[in-house]
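The structure appears right after this line, and notes come after that.
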Amino acid sequence: MRTRDCATCRPLFLHVIVIVVTASLLVTPRIVSGQDGDPQALRQELDQLRTEFETLREEYEARLAALEARLVALRPGQAEPPQAPPQAVPAGGGQVFNPDMSVIANVEGAAGRNELTDQPSLSLSEVETALQAVVDPYARADFFLSATPEGLEVEEGYITFTTLPAGVLVKAGKMREQFGKVNTLHTHALPWTDLPLVSQNLVGGEEALADAGVSVSKLIPNGFMFLDALGEVYRGDSDTFSTSSRSRLQYIGRLRGYRDLTEGTNVDLGVSYANGPSAEISDFTKQLVGIDATFRYRPLRRAIYRQFVGRTELVWSRQDLPAGTSQGAFGFFSSGDYQFARRWFAGVRGDRSGRVLDGTLHDSGVSLALTFRPSEFSLFRGQYRHTRYAEGVTANEVLFQLNFSIGAHGAHPF
């Protein structure tokens, strides 16, 4: 006795069901309409229904016979020949080939008095447009365009090769340099309205360390923690490292370790080193050494209501001077951000930093922040900032931030 493949029996059974349901739909309204009328008229309707049913039965029997013939033609164990898929036009036409696109706007305001800054009372400080997509099975591309009151520029634009031998990851293009943690964060991803003093004084300021170059990284297998080693080479065109010579490049090395402590806590540690031509004194070298640590607590059972993130970053700067000596400077910040309700976050930050060309001058400050996130696409933030500058100037300010986005914005590196 020949058995039928279940994948083929299923459509045969569905065809029989269609015949029965169709007949039921045809019979019901006509019997109802003729049950109180002329018996001769009812008989004529039944004859017409019988004819229509026979037509449907013959059509479906022909389809069943064709399926039976295909089963006989196939040898036992042989797969059915593949059929070409229908050439349907994808939804949206050529939209399937477009990259993921998003636009993120950052509105900032300031109240209070600060004699050493020129931040306006209200401004659209940045609009970031992101274009992200997979290039092919071997690479993906990310572009971030930043529009500010100073103009439009490519904040980042790079390609990432993800399938190279030995597990090596290579990026090429214009990128934020992998020095510390804060330097890698875009404006909308910062947990504060402003940058810490150490980032402003020693690590690029508002422009950050971003340049054209090549980055190579590799995971180092071990049984203790996630360990990532990275090396980068840049041409030297930023507010911190700058040169017009092709033979003088900027170099960065970074070692980062990550480990889960419990199911709800983890720690992220990093050491960074940067060396290159100084932007402050032409033809002289500058070096930066950084240590960063991040502690996260997010209990799984209440992850959307409670979390805590503690951050600290320390930076040492050494600038060579014409007299054959060098000038050192040191800066750091420490912060804590706590989520106390589903949409509410509170944070505190303390920071202190020297200056590149005069390590004896120090700026210090403390900030308190309150953030409300209606959703992952928007936030409202208020921040009180108290700053004491080396010139003896004290500033007390209240900062405001509104951040919102549209479109599909890919996740930033963890």
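A short reminder: the numbers here are calculations on the coordinates, not readings from a lab. Since this is a predicted model, take the numbers as computed values, not measurements. Using ideal geometry, Cβ is built from the backbone for each residue, glycine included, and neighbour counts are taken over all protein chains shown.
Computing FRET efficiency as 1/(1 + (r/R0)^6) for Phe400 and Ala166, where r is the C-beta to C-beta distance and R0 is 41 Å, gives about 0.25. Length gained on full extension, Glu391 to Leu261, computed as 0.36 nm times the residue gap minus the Cα-Cα distance: 42.4 nm. For segment 267-299, backbone nitrogen atoms closer than 15 Å to the point 7 Å from Ser247 Cα along Cα-to-C-beta are found at 277, 283-284. Modelled this way, with points 7 Å down the Cα-to-C-beta line, the labels at Ala189 and Tyr384 are 3.1 nm from one another. Other residues with beta-carbon under 11 Å from the beta-carbon of Glu150 carry, at +1 per Lys or Arg and -1 per Asp or Glu, a net charge of -4. Note on Leu64 and Tyr273: with the Förster distance fixed at 51 Å, the Cβ-Cβ geometry gives a FRET efficiency of about 0.10. Between Asp283 and Ile220, the modelled label-to-label distance comes to 3.9 nm, taking each label 7 Å out from Cα in the direction of the beta carbon.
For segment 95-407, the extents of the C-alpha atoms along the principal axes are 59, 55, 43 Å, listed from largest to smallest.
The order of the peptides 274-287, 314-327 by mean Cβ neighbours within 10 Å, most packed first, is 274-287, 314-327.
Modelled spin-label separation between Leu49 and Leu361, with each label point placed 7 Å from Cα along the Cα-to-Cβ direction: 9.8 nm.
The calculated P(r) of segment 270-414, using every Cα pair and 5 Å bins from 0, goes 2, 8, 13, 14, 16, 14, 13, 9, 6, 3, 1, 0, 0 in percent.
Measuring r between the beta carbons of Asn114 and Ala303 and using R0 = 35 Å, the FRET efficiency lands at 0.40.
With contacts taken as Cα pairs under 8 Å and at least 6 residues apart, segment 182-264 reaches a relative contact order of 24 percent.
The distance separating the Cα centre of segment 302-330 from that of segment 391-412 comes to 20 Å.
Taking a straight line from the alpha carbon of Lys218, these aspartates and glutamates sit under 19 Å away, with near neighbours fewer than eight places off in the same chain left out: Glu177, Asp228, Glu232, Asp268. Per-residue 3J(HN,Hα) values for segment 114-121, derived from phi via the Karplus relation 6.51 cos²θ - 1.76 cosθ + 1.60 with θ = phi - 60°, read 8, 6, 9, 10, 10, 5, x, 5 Hz in sequence order (x marks Gly and Pro). Rg of the Cα atoms in segment 145-277, relative to 2.2 N^0.38 Å, amounts to 1.14.
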